[in-house]
Structure formats: C-alpha cells, structure tokens
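Accompanying notes for the structure given below.
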Amino acid sequence: MRIAVIRLKGKRGIAPKVKATYVSLNLNRLHTCTLLPDTEGSRGMIQACKDSVSFGAVDGSTIEMLLLRRGLTRDGKKLSASMKPEAIAKLAKEISASDKSLSDHAILPFFFLAPPRGGFDGGSKKSYAPYGPLGKNPHIGELLAKMA
C-alpha cells in the first residue's frame with residue numbers, strides 16, 4: 001500500500017520545520033506529488049505538514065495513471081515515451097506491492113502535477129472535512145485524476 005502526498009499550499013507562512021519536511025518528502029514545488037510507503041516514519045512526516053498537503057492511500061491503477069501521464073525518467077524524459085504501456089502497468093503493480101522507491105526503478109521520485117481541472121471542490125483553503133482537499137483525503141484518486 002502506498003500513500004500519495006500532494007503539496008497544495010505555497011511557500012509563504014510555512015514554519016521552518018515544515019519546510020524541512022517538504023525537502024525530505026521531495027515536495028519542493030506547488031502541486032507536486034510523491035508516493036510513500038505506509039510506515040510510521042512516513043506518517044510522522046505527513047503529520048508534520050498535514051495543514052498544507054492532501055494525502056491518502058492509492059491503489060495500483062492510480063499509480064499506473066500517474067506513471068503514464070506524469071512519470072519522468074532520471075534524465076527528464078517522459079516514461080510513456082521510453083516504456084510500453086504494458087511494462088508501465090507491470091511496474092505500477094510492483095511498486096504498489098513492494099516497499100521499493102521509484103528511484104530504484106530509475107524514475108524520478110515525484111510527479112509535477114497541474115492545478116485540478118474544474119477547480120477544487122469546496123475551495124482549497126479548508127481541510128477535507130467538511131470541505132476542501134487539505135489533510136487526509138479519502139478521494140485522493142479522484143483529485144489525482146483531475147490534476148494529472
């Protein structure tokens with residue numbers, strides 16, 4: 001099981017501890033996504049920056065969609081241009097089942113996303129419950145599909 005973390009707030013007004021957490025999570029830019037293993041260490045880092053990110057569990061099909069649309073190799077080329085879709089689907093299943101990082105497969109460990117098509121549901125400044133995408137998001141797959 002993997003956890004997707006998307007940075008949804010910018011640089012202003014962020015505490016230094018949260019900035020250091022962003023660097024550790026490879027979330028250096030706005031609308032950047034990273035996939036983390038579901039461990040206590042990952043959950044602690046997410047907890048430190050939960051007020052400015054959206055996070056949730058993702059399945060293999062969501063990981064495959066991210067790799068196809070936004071995956072980049074280490075040299076900056078699109079993953080879909082260098083691999084066949086069947087190979088990407090197999091890689092997505094392997095990534096979702098194991099604790100190996102994307103870097104072990106010669107893929108950049110983060111995805112550059114676009115702002116969501118159609119905007120954020122309920123505004124972007126509020127936590128998920130009852131409105132907005134910040135914090136733990138049970139519909140993270142839908143948000144990633146709108147942003148990828």
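When Cα extents along the principal axes in Å is calculated for this entry, the matching label among (i) 68, 43, 26; (ii) 41, 32, 26; (iii) 48, 41, 24 is (ii).
Among M83, M65, M45, the residue with the largest mean-square fluctuation in a Gaussian network model of the chain, with springs joining Cα atoms closer than 10 Å, is M83. Setting aside same-chain residues fewer than 8 positions from K90, which lysines have a Cα under 20 Å from its Cα? Partners found: K77, K78, K100.
No lab work stands behind these numbers, since they all come straight from the coordinates. Quick caveat: nothing in here was measured; it's all calculated off a predicted structure.
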